[in-house]
Amino acid sequence: MKLHELTIQKAHTLLKQKEISSQELTRVLLDRIHATDEKVGAYITAADEMAMEQAGLADQAISEGNISPLTGIPLAIKDLMCTKGLRTTCASKILENFVPPYDATVVRKLKKAGAVIVGKTNMDEFAMGSSNEHSGIKLTRNPWDLTRIPGGSSGGSAAAVAADMCIAALGSDTGGSVRQPASHCGIVGMKPTYGRVSRFGLVAFASSLDQIGPMTKDVTDCAILMNVISGYDPGDSTSVPEDVPDYTTALKNGGLNGVTVGIPKEYSEVEGLDPDVAATVENAVRKIEDLGAECVEVSLPNTKYVVAVYYVIAPSEASSNLARYDGVKYGLRDKDKADLMEMYRSTRSGGFGSEVKRRIIIGTYCLSAGYYDAYYGKASQVRTLIMEDFKKATDRCDAILSPVAPTPAFPVGENTDDPLTMYLSDIFTLSANLAGIPGISVPCGFSADGLPIGLQIMGKHFNEEMLLRIAYNFEQATDFHKKKPDLS
Ligand code: GLN
């Protein structure tokens, strides 16, 4: 196996046995980035110097006998998590030259565990999008078919993992942004329970929905990263002071006897569900049954409101969160304007891309006096009903199975002029964020065109272990995760 193809677990074994050094591995990954990323466009910033320095420290620690599962492992970080001394752009012109003076808690935890950060990955601007086409910096392409989108908004992280330009990565998920690009790029992506992982230092999009999650080559690596990034943080008042289990103990290949999985009846009626996706997910469900799980039909009657509710709540919160980019505190400023109002107007008009502006306008409208009750207030009430749907459904089962996206990755440019179609494609992923529950995407097959398709497993609050157990058993019984895109 080539070094850039290693998983966290395999790289750890080689590092521990001193068969490779972290500096060697990091160099291989950086070389791979410089050779391959011209085609894929996954990275906004490659951090060669910093990474080699961290790798040197990791090798030092290993030689002293201090090795943890992440020591010396090269990882990529979505470019909206603050990295001290390393540019953090959110793929926006307004933050193009922003260098944070501190690390996000997850980054601090990774560094403390000895990980090496090779670079910052591309995304839709401020994480608003499902295709990476809304990046204000560059386009990322799907490693499986360079004419197609990698998914979004964590498309850079997903493409970097799929193209072996890092061992694993972190993404963020407000309405599907870890799971959907994971599905489109044939990797594993988990959105943990709201409150499980600290968001201190994660640039805020929609604060009642945002979560950080692992994007990895297999389920084992997902559990390893979850162990490191999870847990209470006084810096994030929404992080929950619950004990963090050892997620790797959920990785038992003992079958799924005693597990009940729910299949939402409303999901088969979703308009625009691609037949390849439907058939592939159906086969995956059957496989999970073969592994011993019992399948029951469940109902999520408010599915029809999910997209509307999300696209009121997320833009509303975004419009408030993004008010801070005013040209005064940090980021871009149009210095040529004589008065303050003109400076605000010009900075924000020039600094934000069109999708971000669309969301700010929608959100400002939904929150404005006279409209708040009709939009944000009403959407919040329906959100409660959606949560109750999931509560009732998961009273009858341990996890819910569904597609991640209604279609495989679509061609670049296909939906850019049609925001509504783009929004509708989020139908299967938005609910987990609205309900605060965990969800994982695991590779479950390929379309007729050879594009990866993911299976989504959603569960109960703080029961990530159940998702990992089902995903792991499924993965061990299949070999979809072993396939690699051909980038030669
Ligand atoms: N596609 C969704 C949106 O555009 C979700 C994005 C995300 O999870 N960050 O809002």
Classify the range 401-462: rounded, prolate or oblate, from the alpha-carbon gyration tensor (a ≥ b ≥ c, eigenvalue square roots; a/c under 1.5 rounded; otherwise prolate if a/b is larger than b/c)?
oblate
How high is the FRET efficiency between Met341 and Thr249 when r is their beta carbon distance and R₀ equals 60 Å, given to the nearest 0.05?
0.55
Note down the Stokes-Einstein diffusion coefficient of the chain in µm²/s, whole number, using a Kirkwood radius over alpha carbon pairs, 25 °C, and 0.890 mPa s.
110
Amide hydrogen neighbours beyond the local backbone of Leu455, cut-off 5 Å, H modeled:
Val442, Cys444
Shape of the range 122-193 from its Cα gyration tensor (a ≥ b ≥ c, root eigenvalues): rounded if a/c is under 1.5, otherwise prolate when a/b > b/c, or oblate?
oblate
Test item: Cα-centred dipole of the range 69-111, Lys/Arg +1 and Asp/Glu -1 on Cβ, debye:
100
Could you list the chymotrypsin sites (Phe, Trp or Tyr not before Pro) in the range 18-114 that lie in coil according to DSSP, counting only those with at most 14 other Cβ atoms within 10 Å of their Cβ?
Tyr102
³J(HN,Hα) across the range 185-201 via Karplus (A = 6.51, B = -1.76, C = 1.60, θ = phi - 60°), whole Hz, x for Gly/Pro?
9, x, 10, 9, x, 10, 9, x, 4, 4, x, 6, 10, 5, 10, 4, x
Using Cα positions and a limit of under 19 Å, work out the aspartates and glutamates in reach of Lys265, with same-chain residues fewer than 8 apart set aside.
Asp274, Asp276, Glu282, Glu289, Glu294, Glu297, Glu388, Asp389, Asp395, Asp398, Asp426
Excluding residues fewer than 8 places away in the same chain, name every one of the lysines whose C-alpha is closer than 30 Å to that of Lys337.
Lys93, Lys138, Lys329, Lys357
Given +1 on the Cβ of Lys and Arg, -1 on the Cβ of Asp and Glu, and no further charges, what dipole in debye does the chain carry about its Cα centre, rounded to the nearest 20?
840
Proximal lysines to Lys482, defined as alpha-carbon separation beneath 16 angstrom and excluding residues fewer than eight positions away on the same chain:
Lys2, Lys10, Lys217
Could you tell me the relative contact order of the chain? Use alpha-carbon pairs under 8 Å, at least six residues apart, and round to a whole percent.
17
Of all DSSP beta bridges with both partners in the range 1-151, the antiparallel percent, nearest 5, is 50
Roughly speaking, what is the stretch gain from Ala61 to Thr416, that is 0.36 nm per residue apart minus the C-alpha to C-alpha distance, in nm to one decimal?
123.0 nm
Let a ≥ b ≥ c be the square roots of the eigenvalues of the Cα gyration tensor of the range 25-83; is it rounded (a/c under 1.5), or, if not, prolate (a/b larger than b/c) or oblate?
prolate
Cα centroid distance between the range 125-187 and the range 373-394, in Å?
29
Which order do peptides 126-134, 272-280 fall in by mean Cβ count within 10 Å, highest first?
126-134, 272-280
What FRET efficiency comes out for the pair Lys378/Glu294, r = Cβ-Cβ distance, R0 = 35 Å, nearest 0.05?
0.40
Bridge type composition, the chain - antiparallel percent by DSSP, nearest 5:
65
HN-Hα J couplings of the range 165-174 from phi, Karplus 6.51/-1.76/1.60, θ = phi - 60°, integer Hz, Gly and Pro as x?
9, 6, 7, 6, 8, 10, x, 10, 9, 9
Looking at Ser131, Gly176, Val197, which one has the Cα that reaches farthest to the positive end of the dipole of the range 113-203 (charges on Cβ: Lys, Arg +1; Asp, Glu -1)?
Val197
Residue-normalised 222 nm signal for the chain, counting each DSSP H run of n ≥ 4 as -39,500 (n - 2.57), nearest 500 deg cm²/dmol, is -11500 deg cm²/dmol
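Computed from the coordinates by the stated procedures, all read-outs in this text should not be read as laboratory data. Source: prediction; values computed, not measured. Don't worry about glycine lacking a Cβ; one is built from the backbone with ideal geometry, like all the others, and counts go over all protein chains shown.
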